[in-house]
1. Only one of these is out of contact with any helix residue (DSSP H, G or I) (no Cβ under 7 Å at 6 or more places or on another chain), closer than 23 Å to residue 349 by Cβ, surrounded by fewer than 24 Cβ atoms within 10 Å (Cβ to Cβ) and assigned by TED's automatic domain parsing to the domain that holds residue 132: 50, 65. Name it.
2. Is there any pair with a first residue in the range 223-251 that is part of a helix (DSSP H, G or I) and a second that is of a type in the set (Ser, Thr, Tyr) and buried (at least 17 other Cβ atoms within 10 Å of the Cβ) whose Cβ atoms are under 6 Å apart and which are 6 or more apart or on different chains, and what are they?
3. Can you tell me which residue within the range 350-361, out of those that are among the charged types (D, E, K, R) and either under 18 Å from residue 281 (Cα atoms) or touching a strand residue (DSSP E or B) at 6+ places or on another chain (Cβ under 9 Å) (or both), is surrounded by the fewest Cβ atoms within 10 Å (Cβ to Cβ)?
4. Would you list the helices (runs of 4 or more DSSP H) that sit entirely within the range 309-362 and hold 3 or more residues that are under 30 Å from residue 143 (Cβ atoms) and of a type outside the set (A, V, I, L, M, F, W, C)?
5. Quickly run through the range 270-313 and pick out the residues that are more than 19 Å from the chain's Cα centre (by Cα) and among the hydroxyl-bearing types (Ser, Thr, Tyr).
6. Inside the range 16-33, can you point out the residues that are free of Cβ contacts under 8 Å to residues at least 40 places away in the same chain and either surrounded by 20 or more Cβ atoms within 10 Å (Cβ to Cβ) or of a type in the set (Lys, Arg) (or both)?
7. So which residues in the range 299-315 are out of contact with any Asp or Glu (no Cβ under 9 Å at 6 or more places or on another chain) and hydroxyl-bearing (Ser, Thr, Tyr), if there are any at all?
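The values are calculated or read from the model by the stated rules, or taken from the named source; none is laboratory data. Keep in mind that what you see is a predicted model, and the values were worked out from it rather than measured. No Cβ is skipped: glycine too gets one built from the backbone with ideal geometry, and neighbour counts run over all protein chains shown.
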Amino acid sequence: MATIDVSIISSAHDLADARLHREAAALRRAGLSVEVIGLGDSAGGPAGCRVVSLGGRAGKAARLRRAAALPFRARGRVLLAVDPDVVLTASLARLVRRRKLVADVHEDYSALLHDRAWARSYVKLAAQGLVRVATAVTRRADLTVVADDHVPPRKARRRLVVRNLPDPGYLPKPTEPDPIPRAIYIGDVRRSRGLQAMIQAVEAAEPWELDVVGPVHPDDQAWLARWRASSPAARRVRIHGRLAPAKAWSLAAGAWVGLALLEDTPAFRAAIPTKLYEYLGSGLAVLATPLPRMAEIVRSSGAGAVVAGPEEASGTLQRWSERPEDFLAARKAALRWAEQNLAGESPYDQLARDICALVGRG
């Protein structure tokens, strides 16, 4: 069995996940052979890689079993682990199999627990314990990759900040807006990330249309089904489900606005969602809720509007369709911001260089 340079391994991420695609693309650009193991359809995995599907999502016990086995079935000389449970088991494989370990901490997992309905009582305590142990282990990895300055661990043997900036390879070139105004959302689809807010905003802003791309969380599927069955605006809202990054972002061509109506949770308050960068890089005006870091970019760039909820969002959409010159000014500001802030080398290329050194090619 041929050895592969790097295995990107996950017990919870779909193979179509954009961060996995960005990491794999950078490693491939650096000349490394890459294996990606995750959930979902293997056809959605990164191009040019050996892609292995673990099947669909499973219960917590099955996920733990997957996490235990993953680092021992992976072929890579370097294991790039993107989930806390996999980091723990990969640290054992690092010793037993003499592999290098890269821990990818792409979110503040402790803060994120506040946004998870299942994280209650003893389950929350157990999850917090797992996060604390995983954080301690990530400090001792050969390379610890964090998605932002504030993301733990603050100190590690070798800590590299790789922000969730987009890879221009999957973003569409800015195009003329469609004749019918259209908004888009791409990402995890659940209430805390704005599902109900954006649907209600578009519902009240005829003739606006909305494309929603991403997996709908099980807790929100019943509400969405009821809304689609009862609202006369349902024909203006299209739910596409999960798509690979290039296919998902092809839907942004011709759209007017990207929506980022996230609720105010501890994890979201401290972060900047990747979709904000992606919207700006695609030349879309942005509607965002007043989370501090996200709102600062939108306000300072002039690339959109900060809205407190669906009513304000709806009013802004209506104003932009009635006065397109205001929308076009925001669009120009988005393109200007992207040219100034997203040009140049991707931070994922620095990650690839560091991993090349672990492989022995640096």
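1. Result: 50 is the single residue among 50, 65 that is out of contact with any helix residue (DSSP H, G or I) (no Cβ under 7 Å at 6 or more places or on another chain), closer than 23 Å to residue 349 by Cβ, surrounded by fewer than 24 Cβ atoms within 10 Å (Cβ to Cβ) and assigned by TED's automatic domain parsing to the domain that holds residue 132.
2. From the range 223-251, the pairs are 245/170; 246/170; 249/170.
3. 361
4. Values: elements: 310-322, 324-341, 347-359.
Where helices (runs of 4 or more DSSP H) fall fully within the range 309-362 and carry at least 3 residues being under 30 Å from residue 143 (Cβ atoms) and of a type outside the set (A, V, I, L, M, F, W, C), they are 347-359.
5. Selection gives 300, 301.
6. First, the residues of the range 16-33 that are free of Cβ contacts under 8 Å to residues at least 40 places away in the same chain: 17, 24, 28, 33.
Matches in the range 16-33: 17, 24, 28.
7. Of everything in the range 299-315, those that are out of contact with any Asp or Glu (no Cβ under 9 Å at 6 or more places or on another chain) and hydroxyl-bearing (Ser, Thr, Tyr) turn out to be 300, 301.
Condition check ((1) assigned to a strand (DSSP E or B); (2) closer than 22 Å to residue 241 by Cβ; (3) not small (Gly, Ala, Ser)) across all residues:
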| position | (1), (2), (3) |
| --- | --- |
| 8 | yes, no, yes |
| 13 | yes, yes, yes |
| 39 | yes, yes, yes |
| 72 | no, no, yes |
